[in-house]
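Laboratory data are not the source of any read-out in this text; all were calculated from the coordinates shown. Remember, it's a predicted structure, so these values are computed and weren't measured experimentally. Note that each Cβ is placed from the backbone with ideal geometry, even for glycine, and that neighbours are counted across all protein chains shown.
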Amino acid sequence: MTITADQGPYIAFGQAPTNDSNPEQATSLFWGGIGILDPRSFYTYEPGQALGNLTAGWLGVNRITTIDAVPITKSATIIAAANQTVGGTPMTLASATADGVLVGASITRADTGVAVTGLLKLDPAVATATANVTSGSNVLTVTAVGAGGTHGYNKLCIGQTLTDTTTAANIPTGTTITGYGTGGGLTGTYIMSAAATATATGDTVTAIAKGFPLTVPMGPVGTIQMFNPYDMVARALIITASNASAATTIFTVDGFDVYGYPMVEQITVTPGTALTTTGLKAFKYILSVTPNVTEATYTFSVGTTDVIGLPMRSDFFAIGGDADVSMSFNNAAITATTGYVQAVLTAPTATTGDTRGTYLLQTLSNGTLRLIVTQSPLIANINNGATGLYGNTPYANF
């Protein structure tokens, strides 16, 4: 069978208005659960689409887990170490993958469908595990998953790229997790895209989410895909001047959000007033950071903050309940609005805030503390299509 698709809406009633009885009246059950379809053209269902075409959404309809991850420790230099700047020339960005940044990431632009390569991906979902695999087999058996110290809460998920850090040759380069066996994020078996080239017993294996979109395919074909809360950490940036005498500079950041939509932010650093300036928009991918003036004496660096972007639009903060957004950090419910900034609903520009909203962690990220965000879209927002669910399309001019 193929996908059954209709415009709906559907109503399942247990008892007819007349007096006839329904001996099977009961709760409706759906295999695989239900979710909210993303109405944006890149992700939504198109009638008559080919088998395997991406059709994505969120699992659940309220209290949707949109982030379940461990943010890595923020770093003021993780995107660009101290650079002297040349006006109109992009800064030299990080050249090596490290905790909190993946170098050489690739995406498909959600607005144009064009591939973009050479990006920095912030906070990719990472896990480390102790695992066994037999030569010629594509079944990886995970016997233990590492504790805190990375992100994604150290869970394995479909789409992560595997590396045997004990003996690299045991697992072919580029091998990914393509399915769950008995493992559902922790110990158990996982299906790999390629067979092991040698037997490994008790090896340390690293799994990192390099792919795009940030989804988990469901079923053998993978047409239906659920957004992955393990990989949804996006951050506002910070730019730091090395000296108060450095030139006032406007930095233009070109990048993409968690969904692959382009985003531009201009961050003005006035060193004589403050050495650091924090941006307002939450980036998942960085393409370039370009200053508007030359500074040949002092330096600037670019890094991450603990301002975390919300994956769905949030209009207000709710403590508990099923309204809008609720959060917990380090297993404790967040019970104050401090640090919360609602979605900016005005027309976006290069200097306006995030179109879905952000939250500044009140306890510093350290690579071990777990952040969980649950969101319940408002009725009015659900009735307002893509803008209601995801806010205005971010500002971009590239």
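A few remarks follow.
- Neighbour-count order for F316, F227, fewest beta carbons within 10 angstrom listed first: F316, F227
- Added length on full extension, which subtracts the Cα-Cα distance from 0.36 nm per residue, Q7 to T178: 58.5 nm
- Label-to-label distance, nm, for residues given as T297 and E46 (7 Å Cα→Cβ offset): 5.6
- Per-residue Cβ neighbour counts within 10 Å put L361, L156 in the sequence L361, L156, beginning with the fewest.
- Residues whose amide H lies under 5 Å from that of T304, counting only those 5 or more places away or on a different chain, are S75, A76, T77, I78, I79, I238; hydrogens are built 1.01 Å from N in the peptide plane.
- Point-to-point label distance, I382-Q84, nm (Cα→Cβ direction, 7 Å offset): 5.9
- Relative contact order for region 312-390, counting Cα pairs under 8 Å that sit 6 or more residues apart, in percent: 37
- FRET efficiency, A336 to T197 (Cβ-Cβ, R0 45 Å, nearest 0.05): 0.30
- Table column - 3J(HN,Hα) (Hz), region 38-54, Karplus curve with 6.51, -1.76, 1.60, x for Gly and Pro: 6, x, 6, 4, 5, 10, 7, 7, 10, x, x, 4, 6, 4, x, 5, 4
- Taking other C-beta atoms within 10 Å as the exposure proxy, L29, L345, L120, L59 rank L29, L345, L59, L120 from fewest upward.
- Projecting the Cα positions of G185, T335, N292 onto the charge dipole of the chain (unit charges on Cβ atoms of Lys, Arg, Asp and Glu, taken about the Cα centre) puts N292 furthest along the positive direction.
- Expressed to the nearest 5 percent, the antiparallel share of DSSP beta bridges inside region 249-354 is 95 percent.
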